[in-house]
Amino acid sequence: MENTLKFNAGRYKVPVIVTYTSERIIFKCKYNKNLIEEFKVMQGARWHPENKTWSAVNSIRNHFQILFLQGNDPYYNYRQPLGPLMEQIRPTLTRPLYEHQIEMTAHMMQCHYVIEACEMGTGKTLSFIEAIERAKLLDKDVWYVGPKSGVVAVRREFQKWESKAQPLYFTYEGLVKKMKDPDSYIPQCVCFDESSRVKSPTAQRSQAAFDLSMKIRDKYKGSGYVILMSGTPSPRVPIDWYQQAEIACPGYLREGDINKFKRRLCLIEERESAAGGVYPHIVTWLNDENKCAICGSFKAEPVHNELLFDGSKKHAFVPSVNQVGYLYKRLAGLVLVKFKKDCLDLPEKRYEIRRIKPTVTTLRLAQIIVKTGGRAIEVLTKLRELSDGFQYKETKVGMQICPTCEGTKSIRSPIVPETSDDDSEYKDIALPSDVPTQTITDWQIIPCPKCGAQGEIPRYERSAEEVSTPKDAALVEILEAHEETGRIVIWGGFTESIDRIVRLCTKYGWSTLRVDGRGYRTNDVLGNTVDTMEFLNCLDFSNPAYVELLEKFPKIAFVGHPRAGGMALTLTASPTELFYSNDFNGEARFQAEDRFHRAGMDKNRGATIIDFVHLPSDQLVLDNLQKKKDLQALTMGELAEAIEKGV
């Protein structure tokens, strides 16, 4: 199908012959620099010199860009003020919504395909409930997708607010399986909670989320809903926005793939790899006008005054554009950003470190662990285990079939030409879209490297050997101090740590709700299993039945691992969170901190976060988490120095 359309190109409109095929969209026009730039950034853009045309993939995102180039406004709904709709919502409310929650509800209802980038604890779930009820989306029309802990927590929120809507709940892993079914029913609305989980375009869960959102658009058009909810209004890496924006509204961002997007936001230079090829290296993010557009250095840096052999300057300073700052203007309308400090009158979180003096024996064991060597990250893990009062050990219990060759003792391996620029050191770095990938010429059969061509590998079982730790006594003190409150939140960095904490809590008369990689487990003081939802209600200070539940269960300890229980839960009944030990994951730590610091908390009691620091390695982990540094980069020298200082 061929059409002649007029595209905006600067001050003028230029006629362009547009031909649609099943796979491609072909553009032909007279040379125009502005239009060429637009064609280049489209998804799957190609130049065809033989007939002097440009082409791009026939996709929804490119249709969006074509509408924009024609002078239409595909951004129209996103540009409209939310005030009029908020005025309609206010007088009909039957639940206690804050002003910012009314704005979230209006944003979802007006734009349908959006990202709610609102900080943890701002009440996104209640706004979502309001939006889907007002849209009369009930039963199977709504899917909720989130982490395992989020599924449990959001189901409880729907019960708590007595919602008429009954979504179908999926974890992201469950969604991947569901979308592989070609006959799967397509809902009218989907909510992707903790949408940072779908920030990577190559991840299966991201592809499944994108596939579902495209099917909703195709089936329901403007009456469909794709809602992404993120507790991170300002991602650490700006490119994390790209795939989330693609899932919500493909084409909203001009760039046709994440590599083109990255090249707009940062200064990239080609560097040689060890194998002789080249790879794109990020020199700096373009987040400051005082950075040079040529080298990325600030104006005052000596590089702008360096002289060449002929006496001329190496290069003069050229101011860059703050593309990262401008990105938030580009996302306006699609993304609604709310910070807790701007929405809620909550007390500041109070941080406290409880320093626990290690015994001489423990410090000597720590020195032995350091001196035995190994990778620094492995040694640090062993030190964390020792600090928590145990050491994991692997015991060989037999043999198992090799998972790589499945017992055949050999595998197929590609033969790559010697000119390949592939280098495992850079295998995770995405190349620009216009760089051709290396072609595999043939395959060969080689001995399996996993099992050494034996067909079997040893099978190990992990067990834990307990050692004494003064953290236990310190934990008992914390429990005694919270007898009257009757609620406490405790985080542990290992499964064995969580088991140890649960045993101590039970010993001192506390019921427990344990959340780790093994799921949710509840036990009252007699060891009986209790309904998980009932215990979650006991830990929510804003629950109408909280006083009755406090009498029924006077003491409940929530014990969890930050990665398993640090998302979506509401634990406002406790005025304190204790980190018995820390995990390496910074995002999980920050998510866990906000479980009790949110709307509905007791402002008079405040929010206190306590960290146990036993060995010097505990402080090292805590410092790195606060600085958001990568612990994988830690050296043995840094570890040894930290332990020596503690002796």
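Summary: within the chain, the longest segment free of GluC sites (Glu not before Pro) located in DSSP loops with at most 16 other C-beta atoms within 10 Å is 485-647. Note on Lys627: aspartates and glutamates with a C-alpha under 15 Å away, same-chain residues under 8 apart excluded, are Asp583, Glu587, Asp618. Among beta bridges from DSSP that stay inside the chain, the antiparallel ones total about 55%.
Summing -39500 (n - 2.57) over the DSSP H runs of n ≥ 4 in the chain and dividing by its residue number, what mean residue ellipticity at 222 nm do you reach, to the nearest 500 deg cm²/dmol?
On the way: 23 runs with 218 residues, N = 647.
The helix contribution divided over the chain gives -9500 deg cm²/dmol.
Excluding residues fewer than 8 places away in the same chain, name every one of the lysines whose C-alpha is closer than 29 Å to that of Lys396. Hits, sequence-local ones excluded: Lys371, Lys382, Lys409, Lys450. Per-residue Karplus couplings for segment 568-578, computed as 6.51 cos²θ - 1.76 cosθ + 1.60 with θ equal to phi - 60°, are listed in order as 6, 6, 10, 10, 6, 6, 9, x, 9, 10, 10 Hz, Gly and Pro entered as x.
Computed over the alpha-carbon pairs of the chain, the distance histogram in 10 Å steps reads 3, 12, 20, 23, 21, 14, 6, 1, 0 percent, short to long.
Annotation: lysines with alpha-carbon distance below 28 angstrom to Lys555 (same-chain offsets under eight excluded): Lys148, Lys160, Lys349, Lys471, Lys507, Lys603. Whole-percent P(r), segment 189-261, all Cα pairs, 10 Å bins from 0: 20, 54, 24, 1. The P(r) of segment 160-218 has a tail past 15 Å containing 52 percent of all C-alpha pairs. Only Lys, Arg, Asp and Glu carry charge here, each on its Cβ (+1 for the first two, -1 for the last two); on that basis segment 78-253 has a dipole of about 280 debye about its Cα centre. Among the chymotrypsin sites (Phe, Trp or Tyr not before Pro) found in segment 294-388, those both in a DSSP coil and sparsely packed, with 11 or fewer other Cβ atoms within 10 Å of their Cβ, are Phe309. Phi angles across segment 585-597 convert, under the Karplus curve 6.51 cos²θ - 1.76 cosθ + 1.60 with θ = phi - 60°, into 3J(HN,Hα) values of 7, x, 4, 5, 4, 5, 5, 4, 4, 8, 5, 10, 9 Hz, Gly and Pro given as x. Over segment 76-163, the hull volume per residue, using the convex hull of the C-alpha atoms, is 111 Å³.
Note on segment 11-165: along the principal axes its Cα atoms extend 65, 35, 27 Å, ordered by decreasing extent.
For segment 565-622, the Kirkwood hydrodynamic radius comes to 12.2 Å, computed from all pairs of different C-alpha atoms. In percent, rounded to a whole number, the relative contact order of the chain is 12, using alpha-carbon pairs under 8 Å and six or more apart. Computed over segment 2-74, the P(r) tail beyond 18 angstrom holds 29 percent of alpha carbon pairs.
Relative to the longest principal axis of the Cα atoms of the chain, the long axis of helix 204-220 lies at roughly 60 degrees.
With N as its number of residues, segment 139-277 has a Cα radius of gyration that, divided by 2.2 N^0.38 Å, comes to 1.21.
Gyration tensor over the Cα atoms of segment 450-531: the corresponding equivalent ellipsoid has semi-axes (square roots of 5 times the eigenvalues, largest first) of 34, 16, 10 Å.
Each reported figure results from applying straightforward, stated rules to the coordinates on display, with no laboratory input. These numbers come from a predicted model, not from an experiment. All Cβ positions, glycine included, derive from the backbone under ideal geometry; neighbour counts span all protein chains shown.
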